[in-house]
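Just below is one structure, and these are the notes that go with it.
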Amino acid sequence: MQHDHKQELTDRFLELAEYLNHRWHIRSIDQWEGLDMTIPQIKTLALLELNGQLRMGNIANYLGRALSATTTLVDRLVEKGLVDRVSDPSDRRVVVCELTDLGRDVAPRFWRIGRERIDVVVEHLEDGELETVVEGLELVYEAERRCQESLNPMQPKEAKRHLAAD
């Protein structure tokens, strides 16, 4: 009985998260289309944004691609001015990839939810409802962080924003 209830809640959570993700990011897709990038290229940018400098082999493993295919993919990102290859400070023979200034500007655009859109949604919530939503999202954030710590072999750098309940 308990399992059925948790499964029902999980299904509802998934449905709501997918709906909101779609509604809030649909306009962002236009920005990506203008960059003429493939999904693996976008995934690579997101990976570098999250983790900072990475070796080519780490990127290949994450994408599940051969090293040669990953090198070609990164070459295209270098040509677009979004990624640089630099020597690993701990071993000059090793080359790592990192976002350029342009890449650091472009990569987060897809994930941003326009402030205007959030302001409109928040206008439809009472203060107590908004507090409940924020507390719920903080719980999801913490669960995701714990999941990453336990499952992800390539630990992301510390979150850019620390969410703290007052």
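Provide the FRET efficiency to the nearest 0.05 for the His3-Arg93 pair, computing r from the beta carbons and using R0 = 45 Å.
In this case the efficiency is close to 0.30.
Taking a ≥ b ≥ c as the square roots of the eigenvalues of the Cα gyration tensor of segment 2-124, is the shape rounded (a/c under 1.5), prolate (a/b larger than b/c) or oblate?
Note, shape of segment 2-124 comes out prolate.
Using a simple spin-label model with points 7 Å from Cα along the Cα→Cβ vector, what separation in nm is obtained for Tyr19 and Glu126?
In this crude spin-label approximation the distance works out to 2.1 nm.
Could you run the Karplus curve 6.51 cos²θ - 1.76 cosθ + 1.60 with θ = phi - 60° over segment 57-65 and give me ³J(HN,Hα) per residue in whole Hz, x for Gly and Pro?
Karplus-based 3J(HN,Hα) across segment 57-65 equals x, 5, 5, 4, 4, 4, 7, x, 10 Hz.
Using modelled amide H (1.01 Å from N, peptide plane; none on Pro or chain starts), what sits under 5 Å from the amide H of Val94, excluding residues fewer than 5 places away?
Hits under the 5 Å cutoff: Asp88.
Quick one: Asp105, Asp4, Asp84, fewest Cβ neighbours within 10 Å first, how do they rank?
Listed from fewest to most nearby Cβ atoms, that is Asp4, Asp105, Asp84.
We did not get these values from a lab; they are worked out from the coordinates using the rules stated. Owing to the predicted nature of the structure, the values given are computational and were not obtained by experimental measurement. No Cβ is skipped: glycine too gets one built from the backbone with ideal geometry, and neighbour counts run over all protein chains shown.
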